[in-house]
Amino acid sequence: MCRNIRVLHNFQPSTTSDEVQAAALQYVRKVSGMTKPSKANEAAFQRAVDDIAHATEHLLADLVTTAPPKDRETEAAKRRARSAARFDRVA
């Protein structure tokens, strides 16, 4: 799947609507194969983003876990370290 879509469940502070919207946009871009739809497809594209964001918010609200919430900064540092290792850079 697209590397730009991040895990949104079980974070402290909680996932924001903007993060959900961005993930939905990335998903629709990936599935449709277009980053910016034509005028003819713009309404369908935006409707898909909105529908996926809505479903994602419901999913995140309904998920249950006993694991402690993950810290955003710690997870971001792990992503940066993996990226540095993958591209042979110093973190």
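I'd like to verify something in the chain: which complete DSSP H helices, judged by Cα projection on the helix axis, reach 27 Å or more and average at least -1.0 on the Kyte-Doolittle scale?
Numbers: long enough: 42-62 (30 Å, -0.13).
Helix filter hits for the chain: 42-62.
Hey, what did the chain get for relative contact order, percent, Cα under 8 Å, at least 6 apart? If you can, show how the numbers build up before the last one.
Details: 54 pairs, mean separation 32.4, N = 91.
Across the chain, relative contact order equals 36 percent.
Rank the residues 15, 74, 66 as a footprinting-exposure proxy: fewest other Cβ atoms within 10 Å of their Cβ go first.
Values: 15 18, 74 9, 66 4.
If I rank by nearby Cβ atoms, fewest first, I get 66, 74, 15.
In square nanometres, what is one fourth of the surface area of the convex hull spanned by the alpha carbons of the chain? Don't jump to the answer; show the numbers that get you there.
Details: hull surface 29.1 nm².
Across all orientations, the chain yields a mean hull projection of 7.3 nm².
So if I place +1 on the C-beta of Lys and Arg and -1 on the C-beta of Asp and Glu, and nothing else carries charge, what would the dipole magnitude of the stretch 11-86 be about its Cα centre? I want it in debye, nearest 20. Working shown, then result.
On the way: 12 positive and 10 negative charges, 120 e Å.
Around 580 debye, computed over the stretch 11-86.
Just name one of 31, 16, 52: the one whose Cα is farthest towards the positive end of the charge dipole of the chain (beta-carbon charges, Lys/Arg +1, Asp/Glu -1).
Comparing the listed Cα positions along the dipole, 31 ranks first.
Which of 72, 29 comes first, and how do the rest follow, when ranked by fewest Cβ neighbours within 10 Å? Let's see the in-between values first.
Details: 72 13, 29 17.
Arranged by neighbour count, lowest to highest, 72, 29 become 72, 29.
Every read-out reported here was derived from the displayed coordinates using simple, explicitly stated rules and does not represent laboratory data. Bear in mind the structure is a predicted one, so any value in this text is a computation, not a measurement. Cβ sites come from the backbone with ideal geometry, for glycine too, and all protein chains shown count toward neighbours.
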